[in-house]
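Asker: Just passing along the structure, written as structure tokens.
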Amino acid sequence: MKKIGIIDCNNFYVSCERVFNPESIGWPTVVLSNNDGCVIARSNEAKTLGVKMGAPYFKVKEFMKEYNFFVYSSNYNLYGDMSDRVMSVIKEYANNVEVYSIDESFVDFSDLPDNNFEEKLHEIKTEVKRRTGIPVSIGVGPNKTLAKLTSSFAKKQSGYNGVCSYWSLENFNVMSYSMKIDNVWGIGRMWKKKLNKLGIKSVGDFTSLPNQTVRSLLNVNGLKTKMELEGVYCHEVKRRTKIKKHLASTRSFGSDVDDLNQIGEAMFNYIENGVRKLIHNKINTKNCTIFVAGNKHKGQGHYNSKHITLQEPTQDVNDIWTQVYPHLQSLFNKNKTYKKCGIVFHELTPESQKQLCLFTEPLEFIEKPINQNKKWEMRQEFITKRYTTSWDDLPIVK
DNA sequence: TCTGGGGTCCTAGGACCC
DNA sequence: TCTGGGGTCCTAGGACCC
């Protein structure tokens, strides 16, 4: 039988901030999304005080003041770098590591011997903490779904000390009737609703459904989830290939925008940001989609997008901008107010595979728009320094 | 005043082909 | 009244994830 693990950083963004701002340890702490819009990471203290994931900051601001919260704007340079450090420690312990998101990895531990298995997991947990300052939880089971489920026990029940194994659970089948179905990886809001309608509330209820019912109610993914809950190995652990299917760069504006020049400057910046990622991943894009959108929270749900095929695979800002801008002009409606825009690159190919195209017409580059008052720029009131990725921001040891 | 950003996969339906 | 039977490819939309 396979031994699959999930290693998950606890309250990751908060933990990153705390490595460099230890004065916040023990106090309720949150990290806000871009634009300081909503809460995207919470310390345990913040969770205990009832702050919800995704809570709009302006609604909880006063409450947080009252309870002496530490509040940080998100700092992805820092988190990305801390993530790399955590993952590289994990990779010392296993060959097959799938970096699943910025704060978690699936790991195939099948090669580890059964005796001392859990001790080994505790060792990994301790070593990650020692070398990066980031606390992690580990769940293991015969597949990803059960590993995820047990990792939630590792996190919530202190008795496990951060490591929980499916094989150490007594009588999983009985327990499964007291586990809520929406705690399962792969069952989201909509599917929960569908299942609840049929009276399916627990993991046990779900696994007692016939496969056919699950397949037609949900889709093959729902069926895979059911089978994994029953111990079958369906979702492979695979090292991620570098090449994604698409790559996006989008942002909400700091304030409303109704001026093409503002949107243009924003789009130019997002293209620059996206191109930085293309270059980092050593890939070109052959076509892209641009979009502009209103503020749906204000009932302005307008959305307009355009798919654009580029002359040739590229990772050049001016190249892309020049081909995109005329379409941006035609998407823009001067009678509307915008809150967001962005670009998604498709058909990503390795830069080494670029075919030279002899017959492309030389482009006449279009100038980048510049505004004095950048209404589109995002708000980041509580940003911390890039302690690990910028020489200027290195912490000083006294 | 004020509500994130970036991914994956599946399915249904239309266009088009023979 | 009544209009074949397969394919493939593409796209939009919807579900999921973090």
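The values are calculated or read from the model by the stated rules, or taken from the named source; none is laboratory data. No experiment lies behind these values; they were computed from the predicted model shown. All Cβ positions, glycine included, derive from the backbone under ideal geometry; neighbour counts span all protein chains shown.
Asker: Kindly evaluate A:Asn196 against the criterion of being within 16 Å of DNA strand C (Cβ to nearest atom) and not hydroxyl-bearing (Ser, Thr, Tyr).
Answerer: yes
Asker: Failed condition for A:Gly186, given (1) in contact with a helix residue (DSSP H, G or I) (Cβ under 8 Å, 6 or more places away or on another chain); (2) within 16 Å of DNA strand B (Cβ to nearest atom); (3) in a strand (DSSP E or B), with all others met?
Answerer: Single failed check for A:Gly186: (3).
Asker: Mind checking whether some residue in the stretch A:350-369 is over 30 Å from A:Ser73 (Cβ atoms), within 16 Å of DNA strand B (Cβ to nearest atom) and part of a strand (DSSP E or B)?
Answerer: Yes, the conditions are met somewhere in the stretch A:350-369.
Asker: Is there any pair with a first residue in the stretch A:343-370 that is within 21 Å of A:Leu260 (Cβ to Cβ) and aromatic (Phe, Trp, Tyr) and a second that is modelled with pLDDT of 90 or more and surrounded by 15 or more Cβ atoms within 10 Å (Cβ to Cβ) whose Cβ atoms are under 9 Å apart and which are 6 or more apart or on different chains, and what are they?
Answerer: A:Phe365/A:Asn318; A:Phe365/A:Asp319; A:Phe365/A:Trp321; A:Phe365/A:Thr322
Asker: Ok, one more. If you go through the stretch A:1-60 one residue at a time, how many are of a type outside the set (Gly, Ala, Ser) and not in a helix (DSSP H, G or I)?
Answerer: 27
Asker: Going residue by residue through the stretch A:323-342, is there one that turns out to be of a type in the set (Val, Ile, Thr), under 24 Å from A:Tyr76 (Cα atoms) and either crowded, with 19+ Cβ neighbours inside 10 Å or touching a residue at least 60 places away in the same chain (Cβ under 8 Å) (or both)?
Answerer: No, the stretch A:323-342 contains no residue that is of a type in the set (Val, Ile, Thr), under 24 Å from A:Tyr76 (Cα atoms) and either crowded, with 19+ Cβ neighbours inside 10 Å or touching a residue at least 60 places away in the same chain (Cβ under 8 Å) (or both).
Asker: Inside the stretch A:194-286, counting only helices (runs of 4 or more DSSP H) that do not spill past its ends, which hold 1 or more residues that are more than 30 Å from A:Trp376 (Cβ to Cβ) and aliphatic (A, V, I, L, M)?
Answerer: Those helices (runs of 4 or more DSSP H) span A:203-207, A:211-217, A:220-229.
Asker: With without any contact (Cβ under 8 Å) to a residue 60 or more places away in the chain and either within 24 Å of A:Lys2 (Cβ to Cβ) or under 27 Å from the mean Cα position of the chain (by Cα) (or both) as the only criterion, which of A:Ile200, A:Ile181 stands out?
Answerer: Answer to the check: A:Ile181.
Asker: Out of A:Thr314, A:Thr309, A:Thr289, which single residue is within 16 Å of DNA strand B (Cβ to nearest atom) and hydroxyl-bearing (Ser, Thr, Tyr)?
Answerer: Only one candidate passes the filter, namely A:Thr289.
Asker: On to the next question. Looking at the stretch A:280-302, I want the residues that are within 14 Å of A:Val257 (Cα to Cα) and have a partner that is surrounded by 15 or more Cβ atoms within 10 Å (Cβ to Cβ) and charged (D, E, K, R) with Cβ atoms under 7 Å, at least 6 apart or on another chain. Which pairs are those?
Answerer: Filtered contacts from the stretch A:280-302: A:Ala293/A:Lys339; A:Ala293/A:Lys340; A:Gly294/A:Lys339; A:Asn295/A:Asp256; A:Asn295/A:Lys339.
Asker: So, one more: Check the stretch A:34-49 and report whether any residue there is within 13 Å of DNA strand B (Cβ to nearest atom), under 26 Å from A:Ile138 (Cβ atoms) and either among the acidic types (Asp, Glu) or touching a helix residue (DSSP H, G or I) at 6+ places or on another chain (Cβ under 6 Å) (or both).
Answerer: Taking every residue of the stretch A:34-49 in turn, at least one turns out to be within 13 Å of DNA strand B (Cβ to nearest atom), under 26 Å from A:Ile138 (Cβ atoms) and either among the acidic types (Asp, Glu) or touching a helix residue (DSSP H, G or I) at 6+ places or on another chain (Cβ under 6 Å) (or both).
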